[in-house]
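Here is the structure we will look at, set down as C-alpha cells.
The values are calculated or read from the model by the stated rules, or taken from the named source; none is laboratory data. Predicted, not measured: the structure shown is a model, and the values here were computed from it. Ideal geometry is used to build each Cβ from the backbone, glycine not excepted, and the neighbour counts take in all protein chains shown. All accessible areas refer to the heavy atoms of the entire protein, side chains included, with ligands and DNA or RNA removed. Shrake-Rupley method; radii C 1.70, N 1.55, O 1.52, S 1.80 Å.
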Amino acid sequence: MIVKVTKEAVERMESTDKPIRINGELVGGCGMNVEYALWWDTQGPEDEVYQVDSLAFLIDRETIAYIGSDMLTIDYRAQQGFRMVTPQQILAYGLQLKERWS
C-alpha cells in the first residue's frame, strides 16, 4: 500500500514524534460499518509501518483489508478535519488526531 499525506495534513501532524495509528474497526449490528480513527500509538508486532517524510504510520492487517485499496491519502481541511481517501471513495472525514483513550 502507498500512503500519501497532503501538505495540509503534514502541517497538522508534524509536531509529533510518536507513530500515528490508522485504525479501522467494524461496528454496528445488522448494518455493519467500518469506523476509522487516528491516534498516537506504539508499534505492535502485527503492524505494517509506513514512513511518510518524518511521520510514521501504523496500520494493522485488518485495517488494510478494510481500506481495500493500494493507495490511501490523508488530507486535512479546516471545515472537515482529517480525511482518509482512496481512489475509489472517501473512507472517513471529520477525524481528529488524538490520544487513543481520550
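How do Met1, Met84, Met32 rank by accessible surface area computed with a 1.4 Å probe, from largest to smallest? Intermediate values should be presented prior to the final figure.
Numbers: Met1 60, Met84 0, Met32 105 Å².
Final ranking, largest accessible area leading: Met32, Met1, Met84.
Cα gyration tensor of the chain, axes a ≥ b ≥ c as square roots of the eigenvalues: rounded (a/c below 1.5), prolate (a/b > b/c) or oblate?
Numbers: a/c = 1.38, a/b = 1.21, b/c = 1.14.
Cα axes put the chain in the rounded bin.
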Run the quick spin-label model on Glu25 and Ile64: label points 7 Å from Cα toward the beta carbon, then report their separation in nm to one decimal. 2.2 nm
Antiparallel content of DSSP bridges confined to the chain, in %, to 5: 70 percent
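Which whole-number value in Å² is the accessible area per residue of the stretch 15-102, probe 1.4 Å? Can you show the working numbers first?
Numbers: 5400 Å² over 88 residues.
The answer is 61 Å² per residue.
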Cross-link partners among lysines for Lys98, C-alpha distance below 16 Å, same-chain residues fewer than 8 apart left out? Lys18
Which aspartates and glutamates, on any chain, are close to Lys4 with Cα under 13 Å apart, when same-chain ones fewer than 8 places away are left out? Asp53, Asp70, Asp75
Give the accessible area for Thr6 in Å² (nearest 10); use a 1.4 Å probe, count only protein heavy atoms, and leave out ligands, DNA and RNA. 40 Å²
Which order do you get for Ser69, Ser54 if you rank them by accessible area with a 1.4 Å probe, largest at the top? Ser54, Ser69
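Roughly to the nearest percent, how much of the accessible area of the chain is carbon and sulfur, given a 1.4 Å probe? Working shown, then result.
Numbers: 2940 of 6340 Å².
Using a 1.4 Å probe with all protein chains present, the chain comes out at 46 percent carbon and sulfur.
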Apply the Karplus parameterisation 6.51 cos²θ - 1.76 cosθ + 1.60, with θ equal to phi minus 60°, to every residue of the stretch 18-23 and state each ³J(HN,Hα) to the nearest whole Hz, in sequence, with x for glycine and proline. 8, x, 10, 7, 9, 10
Qualifying trypsin sites (Lys or Arg not before Pro) in the stretch 41-102, DSSP loop, other Cβ atoms within 10 Å at most 15: Arg100
Chymotrypsin sites (Phe, Trp or Tyr not before Pro) within the stretch 32-101: which are DSSP loop residues with at most 14 other Cβ atoms inside 10 Å? Trp101
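List the GluC sites (Glu not before Pro) within the stretch 1-81 that DSSP assigns to loop and that have no more than 10 neighbouring Cβ atoms inside 10 Å.
Numbers: sites: Glu8, Glu11, Glu14, Glu25, Glu35, Glu46, Glu48, Glu62; in loops: Glu14, Glu46.
Qualifying residues, ordered by number: Glu46.
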